[in-house]
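Trainee: Could you have a look at this structure, given as structure tokens, before my questions?
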Amino acid sequence: MVAENLDAIKASLSPGVELVAISKTKPVSAIEEAYEAGQRIFGENRIQEMAEKYEQLPKDIQWHMIGHVQDNKIKYMAPFVSLVHGMDKEKRLKALNKEAAKVDRRIDCLVQIHIAEEDSKFGFDESEVFALFQKDLEQLYPHIRICGLMGMATFTEDQDQVRREFQGLKRLFDRIKSEHFPKDYFKVLSMGMSGDYQIAQEEGSNMVRIGSSIFGARN
Ligand SMILES: *Cc1c(COP(=O)(O)O)cnc(C)c1O
């Protein structure tokens with residue numbers, strides 16, 4: 001089923017939208033199925049689970065960390081992680097920069113923006129993010145590269161609300177890119193999951209994180 005689900009999802013994506021297959025909680029065998037069907041980008045939300053899967057699977061997989069990052073666990077992924085989506089505080093950028101320096105890498109990451117109504121979700125709010133991009137980030141954190149923004153919409157049936165939240169994130173992205181951080185590499189807008197990725201890509205997402213529609217429901 002995984003290969004068929006992947007094909008269906010890929011057929012529904014707009015050109016230029018990157019698919020991150022979210023394999024959290026799923027066994028290595030499920031990832032292998034997706035890999036054989038051609039998928040190379042996988043996302044996990046726990047650093048140790050991702051590190052264990054990295055050990056067991058082909059080395060041309062690009063691993064994305066999409067979950068909440070604990071600073072003391074960054075060292076387990078620093079040698080191999082390809083993109084860290086959840087940079088939700090400046091101290092996290094600092095911690096990632098430090099661990100990246102130790103393994104002599106420059107690690108790509110995204111700044112997470114709080115766009116949802118629920119206050120349980122992590123991320124910068126608008127004023128915090130403008131304050132962040134006032135700084136000379138390349139000079140402060142030479143071992144990371146802030147490649148864009150990530151956000152999660154409110155978990156609701158109200159599609160208009162979801163759309164408004166994605167529109168807000170896209171506007172913020174455009175403004176940061178044009179006025180504050182005009183780097184070539186600042187180009188990723190990670191928004192959209194199984195339930196809302198269609199709306200997300202209509203509103204300008206270029207990276208969607210899809211789990212259950214590929215691998216089935218999680219326990
Ligand atoms: C689990 C998760 C996803 C994927 O969710 P699905 O609804 O299974 O597609 C996407 N993004 C984040 C941050 C997640 O934690």
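Trainee: Lys177 versus (1) more than 16 Å from the ligand (Cβ to nearest atom); (2) without any contact (Cβ under 8 Å) to a residue 40 or more places away in the chain; (3) touching a helix residue (DSSP H, G or I) at 6+ places or on another chain (Cβ under 8 Å): which is the lone unmet condition?
Mentor: Only one criterion in (1) more than 16 Å from the ligand (Cβ to nearest atom); (2) without any contact (Cβ under 8 Å) to a residue 40 or more places away in the chain; (3) touching a helix residue (DSSP H, G or I) at 6+ places or on another chain (Cβ under 8 Å) is unmet by Lys177, namely (3).
Trainee: Next up: Report yes if some residue within the stretch 185-196 is surrounded by 15 or more Cβ atoms within 10 Å (Cβ to Cβ), of a type in the set (Ser, Thr, Tyr) and touching a Ser or Thr at 6+ places or on another chain (Cβ under 8 Å); otherwise report no.
Mentor: Within the stretch 185-196 (the criterion being surrounded by 15 or more Cβ atoms within 10 Å (Cβ to Cβ), of a type in the set (Ser, Thr, Tyr) and touching a Ser or Thr at 6+ places or on another chain (Cβ under 8 Å)), the answer is yes, since at least one residue qualifies.
Trainee: Quick one: count up the residues across the stretch 127-165 that are out of contact with any Leu (no Cβ under 9 Å at 6 or more places or on another chain) and either at positive phi or within 16 Å of the ligand (Cβ to nearest atom) (or both).
Mentor: 8
Trainee: Give Arg106, Arg171 a once-over and let me know the one that is charged (D, E, K, R) and in contact with a helix residue (DSSP H, G or I) (Cβ under 8 Å, 6 or more places away or on another chain).
Mentor: Arg106
Residues checked against (1) of a type in the set (A, V, I, L, M); (2) surrounded by fewer than 18 Cβ atoms within 10 Å (Cβ to Cβ); (3) modelled with pLDDT of 95 or more:
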position	(1), (2), (3)
Leu6	yes, no, yes
Gly16	no, yes, yes
Ala34	yes, no, yes
Glu44	no, no, yes
Gln48	no, yes, yes
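The values are calculated or read from the model by the stated rules, or taken from the named source; none is laboratory data. Note that the structure is a prediction, hence the values are computed from the model and not measured. Positions of Cβ are backbone-derived with ideal geometry, glycine not excepted, and every protein chain shown enters the neighbour counts.
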